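Colleague: Would you mind keeping the following structure in view while I ask a few things?
Read-outs throughout are calculated quantities, based only on the coordinates presented, and are distinct from any laboratory measurement. What you are looking at is a predicted structure, and each value in this text was computed from that prediction instead of being measured. Here the Cβ positions follow ideal geometry from the backbone for every residue, glycine too, while neighbour counts run over all protein chains shown.
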Amino acid sequence: MPEGRAPSDNDAKAMKMITAIIRPWKLDDLQMAVARLGVQGITVTEVTGYGRQRGHSEHYKGSEYQVEFVPKLRVEIVLDAASAEAVVEAISNVCRTGKTGDGKIFLAPVGEAVRIRTRESGAAAA
């Protein structure tokens, strides 16, 4: 927080969305690691794409062919901003293999969240 600025109501309600693109077989490790940090919910989507690795070659019945889009998982977590750094660190630690294709982690601010059932809002709804 900048010097001389008093904490505002928005600081207490600040939320982040963590989006991580990971290898599919790392999901169980990720799930256990973030649960230990108190994360109560995650959203997982099967995705395909490529980054620097630009796909890979595979062999099938003696022929080689290029696979451009690699299967990955997209994991999304919305949480209070104060917890974001620890969760990013945990994801990075459990999903790192040291090889090309480990994935990426993105952080974005979340303006508001509303739980449909109870109409709770802010971090209580995340």
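Colleague: Can you tell which of 66, 40, 31 shows the greatest fluctuation in a Gaussian network model of the chain with Cα springs below 10 Å?
Modeller: 66
Colleague: Which of the listed residues, 60, 78, 50, is farthest toward the dipole's positive end in the chain, when Lys, Arg count +1 and Asp, Glu count -1 at the beta-carbon?
Modeller: Positive-end residue among those listed: 60.
Colleague: Under 24 Å Cα to Cα from residue 26, which lysines show up? Leave out anything in the same chain fewer than 8 places away.
Modeller: Leaving aside lysines fewer than 8 places away in the same chain, those within reach of residue 26 are 16, 72, 99, 104.
Colleague: If the elastic network links every pair of Cα atoms under 10 Å, which of 41, 111, 98 fluctuates the most in the Gaussian network model of the chain?
Modeller: For the chain, modelled as a Gaussian network with Cα springs under 10 Å, the answer is 98.
Colleague: Next question. Counting Lys and Arg as +1 and Asp and Glu as -1, what is the net charge of the other residues whose Cβ lies under 11 Å from the Cβ of residue 52?
Modeller: Counting the neighbours of residue 52, the net charge comes to +1.
Colleague: Set the Förster distance to 41 Å, then compute FRET efficiency between residue 65 and residue 89 from the Cβ-Cβ distance, nearest 0.05.
Modeller: So the FRET efficiency works out to roughly 0.60.
Colleague: Here's a follow-up. Report the GluC sites (Glu not before Pro) located in segment 41-126 that are in a DSSP loop and have at most 11 other Cβ atoms inside 10 Å of their Cβ, or state none.
Modeller: Passing sites in segment 41-126 are 68, 112.
Colleague: Continuing with the same structure: Tell me, 19, 43 in order of fewest to most beta-carbon neighbours within 10 Å?
Modeller: Fewest to most other Cβ atoms nearby, the residues stand as 43, 19.
Colleague: By counting other Cβ atoms within 10 Å of each Cβ, how are 16, 61 ranked from fewest to most?
Modeller: With the sparsest Cβ surroundings first, the list reads 61, 16.
Colleague: Kindly put 73, 27 in sequence by how many other C-beta atoms sit within 10 Å of each C-beta, fewest to most.
Modeller: Fewest-to-most ranking of 73, 27: 27, 73.
Colleague: While we're looking at this one, here's another question. Using the charge dipole of the chain (Lys, Arg: +1 at Cβ; Asp, Glu: -1 at Cβ; taken about the Cα centre), state which of 40, 21, 107 has its Cα farthest towards the positive end.
Modeller: 21
Colleague: How high is the FRET efficiency from residue 31 to residue 102, r the C-beta distance, R0 22 Å, rounded to 0.05?
Modeller: 0.80
Colleague: Quick one: net charge around residue 110, please, counting Lys, Arg +1 and Asp, Glu -1 for every other residue with C-beta under 13 Å from its C-beta.
Modeller: Summing Lys and Arg as +1 and Asp and Glu as -1 gives -1.
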